[in-house]
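This report concerns only the one structure given below.
The values are calculated or read from the model by the stated rules, or taken from the named source; none is laboratory data. All values derive from a computational prediction rather than experimental measurement. Using ideal geometry, Cβ is built from the backbone for each residue, glycine included, and neighbour counts are taken over all protein chains shown. Heads up: the accessible areas ignore ligands, DNA and RNA and are worked out on the full protein's heavy atoms, side chains in. Shrake-Rupley method; radii C 1.70, N 1.55, O 1.52, S 1.80 Å.
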Amino acid sequence: MRLLAQTADDPGVGDGFATRAEPYRRELLAHCYRMTGSLHDAEDLVQETLVRAWRAYDGFEGKSSMRTWLHRIATNTCLTALEGRQRRPLPTGLGAPNADPTAELVERAEVPWLEPLPDVAGDPSVIIGSRESVRLAFVAALQHLSPRQRAVLVLRDVLQWKAAEVAEAVGTTTVAVNSLLQRARSQLEAAGPSTEDRLDAPDSSEARDLLARYIAAFEAYDIDRLVEMFTAEAIWEMPPYVGWYRGARDIITLIHQQCPAEHAGDMRLIPLIANGQPAAAMYMRAGNAHMPFQLHVLDMIGNRITHVVAFLDGTLFPKFGLPEAL
């Protein structure tokens with residue numbers, strides 16, 4: 001990160017701030033992502049958090065841990081940034097019924113859609129930022145909460161802070177924190193999926209096998225082969241299009257109707273992990289190359305696919321370390 005590189009090169013700045021802050025950078029990214037639902041915003045807010053912390057570092061007395069201090073700054077940075085902003089939904093969160101797969105797609109590019117997050121698991125510095133706490137459905141459910149409710153719930157239930165610590169961090173009382181937490185949990189339960197904790201781990205042999213078969217079907221342009229991989233009530237959505245589709249047959253009909261591919265080899269996919277879930281980056285043939293097209297994040301339960309969010313946003317590919325073309 002630019003700030004950390006600069007401070008590391010200048011021994012007179014922050015007196016070791018860069019060395020102490022660097023291990024928490026990925027953890028702070030996950031925290032800001034939970035708060036905002038945006039990878040792009042989270043990166044900017046982590047940078048702003050580190051600037052604020054660097055400027056205040058001379059006054060850091062060590063009464064709390066470095067991790068706690070940085071998360072407190074990040075939380076307030078996020079709360080300030082979220083003032084007056086719209087929540088970031090997925091198409092299923094807009095309240096409309098499932099769409100007709102033969103109808104024309106309706107795009108709403110002006111909506112600030114929820115974005116996916118590159119995998120943070122496996123990084124030794126990410127002790128608290130577990131895969132479960134950044135799953136797409138969980139972060140989408142957080143968007144139904146007010147920013148303060150979101151902050152209190154994440155600090156209490158994800159970071160496991162005490163109520164008094166949360167109260168100090170967000171500038172309120174312990175009683176207010178407990179009240180906000182109770183309402184947030186209730187709203188989250190109403191908005192969130194009941195199957196969230198039963199998703200297959202992305203690195204399990206079953207998930208890897210199913211993802212490989214999913215990729216093979218697209219690359220062979222054998223879309224009908226996907227039917228057996230989806231559950232009867234599976235959901236497909238693809239922001240920035242507002243429609244969402246339920247059931248394997250409707251999903252297959254949609255792909256046949258709307259996918260620009262025509263032949264085997266038109267699509268190439270790279271397996272990866274996003275939001276702690278199996279995912280794949282799809283490239284579509286354009287002349288002599290394959291160009292970024294969609295980033296699929298999959299829910300898998302019992303070796304079947306229950307949900308796919310296909311993000312049509314080419315700016316996400318570099319964020320995942322993916323090539324510009326194949």
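For the reader, a short list of remarks on this structure follows.
- Residue pairs whose Cβ atoms lie under 7 Å apart, sitting 6 or more positions apart in sequence or on different chains, and linking a residue in the range 225-244 that is open to solvent by 30 Å² or more (accessible area, probe 1.4 Å) to a partner that is among the small types (Gly, Ala, Ser), are ARG225/ALA217; VAL227/ALA248; ALA232/GLY247; ALA232/ALA248; GLU233/GLY247; VAL242/ALA96.
- Here the helices (runs of 4 or more DSSP H) wholly within the range 1-71 that include at least 3 residues being in contact with a Ser or Thr (Cβ under 9 Å, 6 or more places away or on another chain), at pLDDT 95 or above and under 19 Å from ALA81 (Cα atoms) are 25-36, 39-56.
- Hits in the range 245-277 (condition: in a loop (DSSP other than H, G, I, E, B) and open to solvent by 30 Å² or more (accessible area, probe 1.4 Å)): PRO260, GLU262, HIS263, ALA264
- Elements of type helices (runs of 4 or more DSSP H) in the range 136-185, at least 3 residues being under 20 Å from the mean Cα position of the chain (by Cα) and buried (at least 17 other Cβ atoms within 10 Å of the Cβ): 136-142, 147-153
- Residue within the range 120-133 that is in contact with a Gly (Cβ under 6 Å, 6 or more places away or on another chain), assigned to a loop (DSSP other than H, G, I, E, B) and at pLDDT 95 or above present: no
- Among the candidates ALA176, ALA167, the residue that is in contact with a Ser or Thr (Cβ under 6 Å, 6 or more places away or on another chain) and at pLDDT 95 or above is uniquely ALA167.
- In the range 73-101, of all residues being open to solvent by less than 80 Å² (accessible area, probe 1.4 Å) and among the polar types (S, T, N, Q), the one that is nearest to TYR24 (Cα to Cα) corresponds to THR75.
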